[in-house]
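The block underneath contains the structure these notes are about, expressed in structure tokens.
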Amino acid sequence: MRQGWRWFGPDAGVPLDAVRQAGATDIVSALHEVPIGRAWTKAEVAARRDLIETTPPGRTPLTWSVVESIPVPDAVKRKGKAAKAEIEAWIASLEAVAACGIRIVCYNFMPVVDWTRTELDFVTPTGSTAMRFDQRRFAAFDLHVLAREGAEADYTPAERDEARATLATMSEAETAEIARIITSALPGSTTEPMTLPGFRERLAAYRGIDAARLRANLIEFLGMVAPAAEALGVWLTLHPDDPPRPLFGLPRVASSEADYAALFDAVPSAANGMCFCTGSLGVRADNDLPEMARRFAPRIRFAHLRATKREADGLSFHESAHLDGDVDMVAVLKELVAEDRRRAKGETIVFRSDHGQRMLDDLAKQTTPGYPAIGRLRGLAELRGILRALDARPD
Ligand code: DNO
């Protein structure tokens, strides 16, 4: 497997030498600055590739092997193949990427909000900080700050009481912080930052779109983009929903084994692949990750390896150290390594140690939420240890 590192560009505070020192060889990046829906040009992709792959004398070369992500515009999620112009622009971006030799493309199909948390710096018992999703705070936000129409129906009376009680314990600054985290879009998100009124409008635009409709739209989208990807020699990897359940009354259709199975049945193209994100999928206790890795192995082109720890209510969770969460990381890696051994050279799975806690010197720095260098470095080092051990005993 190839060791990747998500890089947000030259201004994000983590230089390429840090990536080299972490021991990663592959870069995962995107043209984050291009507005969602506008086609990427070959010149833009090539300029970013040159920034990554022009190696200073004496330094280890790095390869930009994964684009994460080409955002799928809202119109495609709402209208499927009727959003023809948007899908054509997406395919044009794919062509630009393929022309620059990048063969793995990540995307997701989460409506309105991408990955979602309620706290960025939850203090763990070691003094490091982690990102957290607190279901009670989330419900308090949904019911009382966003005051979403119809939200009551999504919570039991007990949950509504708890949300009200939680709200009462939250300071104004904390409430504003949740609103900011949720509406402003976390790093790498493929949805635009919003204001609360803008958020309500976006949600309203999804009225009438249930899971079956969203899935049908995803299948229509793939029906158009998978043949293009196949012709270009690019693998599409669908990132799971994070968290893997409906939020804000919106359907989510990449949350479980059954979701992915339905998608692969509907669009059997070899270009229709998966980004195996242990952190996202692992939030659901009914997702058996080693089993999913085994079942979908040939479809896995890219992996996000990190761990989450479910809290007592079964819905809240925080991001644990990479090997200390609910996922059996050794068992997952065994499956991925076994698949990798079956693959032709050049088809190796790229993984990145996903997210990381904020620790050591990063605690005193402004770091990209979820992506501090040291926490990711710790994760990568631990994962690499497992890989070495598995390599040493190839049975
Ligand atoms: C968060 C990430 C997401 C993810 C996109 C994939 O850290 O996992 O930003 O990259 O949703 O399209």
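The values are calculated or read from the model by the stated rules, or taken from the named source; none is laboratory data. Because the structure is a prediction, the values reported are computed rather than measured. Cβ: placed from backbone, ideal geometry, glycine included. Neighbour counts: every protein chain shown. Only protein heavy atoms, including side chains, enter the accessible area calculation; ligands, DNA and RNA are left aside. Shrake-Rupley method; radii C 1.70, N 1.55, O 1.52, S 1.80 Å.
Among residues of the stretch 1-30 that are hydroxyl-bearing (Ser, Thr, Tyr), those with a beta-carbon under 7 Å from a residue that is away from the ligand (no atom under 16 Å from the Cβ) and open to solvent by 50 Å² or more (accessible area, probe 1.4 Å) at least six positions away or on a different chain give the pairs 25/2; 25/63. Residue check: residue 202 meets all listed conditions (1) among the charged types (D, E, K, R); (2) open to solvent by 30 Å² or more (accessible area, probe 1.4 Å); (3) within 16 Å of the ligand (Cβ to nearest atom) but one, namely (3). A single member of 233, 282 is touching a helix residue (DSSP H, G or I) at 6+ places or on another chain (Cβ under 8 Å) and surrounded by fewer than 16 Cβ atoms within 10 Å (Cβ to Cβ), and it is 233. Scanning the stretch 89-99 for residues that are more than 16 Å from the ligand (Cβ to nearest atom) and of a type outside the set (Asp, Glu) gives 89, 91, 92, 96, 98, 99.
Residues are listed down the side, and each one gets a yes or a no for (1) hydroxyl-bearing (Ser, Thr, Tyr); (2) open to solvent by 10 Å² or more (accessible area, probe 1.4 Å); (3) within 16 Å of the ligand (Cβ to nearest atom):
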{"position": "101", "(1), (2), (3)": "no, yes, no"}
{"position": "105", "(1), (2), (3)": "no, no, yes"}
{"position": "113", "(1), (2), (3)": "no, no, yes"}
{"position": "117", "(1), (2), (3)": "no, no, yes"}
{"position": "128", "(1), (2), (3)": "yes, no, no"}
{"position": "136", "(1), (2), (3)": "no, yes, no"}
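In the set 56, 10, 61, 35, only one residue is over 20 Å from the mean Cα position of the chain (by Cα), more than 28 Å from residue 347 (Cβ to Cβ) and open to solvent by 70 Å² or more (accessible area, probe 1.4 Å); that residue is 10. Within the stretch 64-88, the residues that satisfy the criterion of being open to solvent by less than 20 Å² (accessible area, probe 1.4 Å) and away from the ligand (no atom under 16 Å from the Cβ) are 75, 80, 83, 87. Taking each residue of the stretch 184-199 that is away from the ligand (no atom under 13 Å from the Cβ) and looking for partners that are part of a loop (DSSP other than H, G, I, E, B) and not aliphatic (A, V, I, L, M) with beta-carbon atoms closer than 6 Å, six or more apart or interchain, yields 184/193.
Of the listed requirements (1) touching a Lys or Arg at 6+ places or on another chain (Cβ under 6 Å); (2) over 25 Å from residue 304 (Cα atoms), residue 26 misses just one: (2).
From the list 303, 321, the one residue that fits, being more than 16 Å from the ligand (Cβ to nearest atom) and open to solvent by less than 60 Å² (accessible area, probe 1.4 Å), is 321. Filter the stretch 361-377 down to the residues that are part of a helix (DSSP H, G or I) and free of Cβ contacts under 8 Å to residues at least 60 places away in the same chain, then identify the one that is nearest to residue 65 (Cα to Cα). Out of the qualifying residues, it is 374. Scanning the stretch 31-47 for residues that are free of Cβ contacts under 8 Å to residues at least 24 places away in the same chain and in a helix (DSSP H, G or I) returns 43, 47. Among all residues of the stretch 331-348, there is none that is under 28 Å from residue 121 (Cα atoms) and either in contact (Cβ under 8 Å) with a residue 60 or more places away in the chain or assigned to a loop (DSSP other than H, G, I, E, B) (or both). Can you name the residue in the stretch 112-133 that is among the charged types (D, E, K, R) and not in a strand (DSSP E or B) and is also nearest to residue 368 (Cα to Cα) among such residues? Ranking the candidates gives 117 first. Taking the conditions (1) open to solvent by less than 40 Å² (accessible area, probe 1.4 Å); (2) farther than 20 Å from residue 138 by Cβ; (3) of a type outside the set (A, V, I, L, M, F, W, C) in turn, residue 265 satisfies each one other than (1). From the list 176, 158, 168, 151, the one residue that fits, being over 22 Å from the mean Cα position of the chain (by Cα), at pLDDT below 95 and away from the ligand (no atom under 16 Å from the Cβ), is 176.
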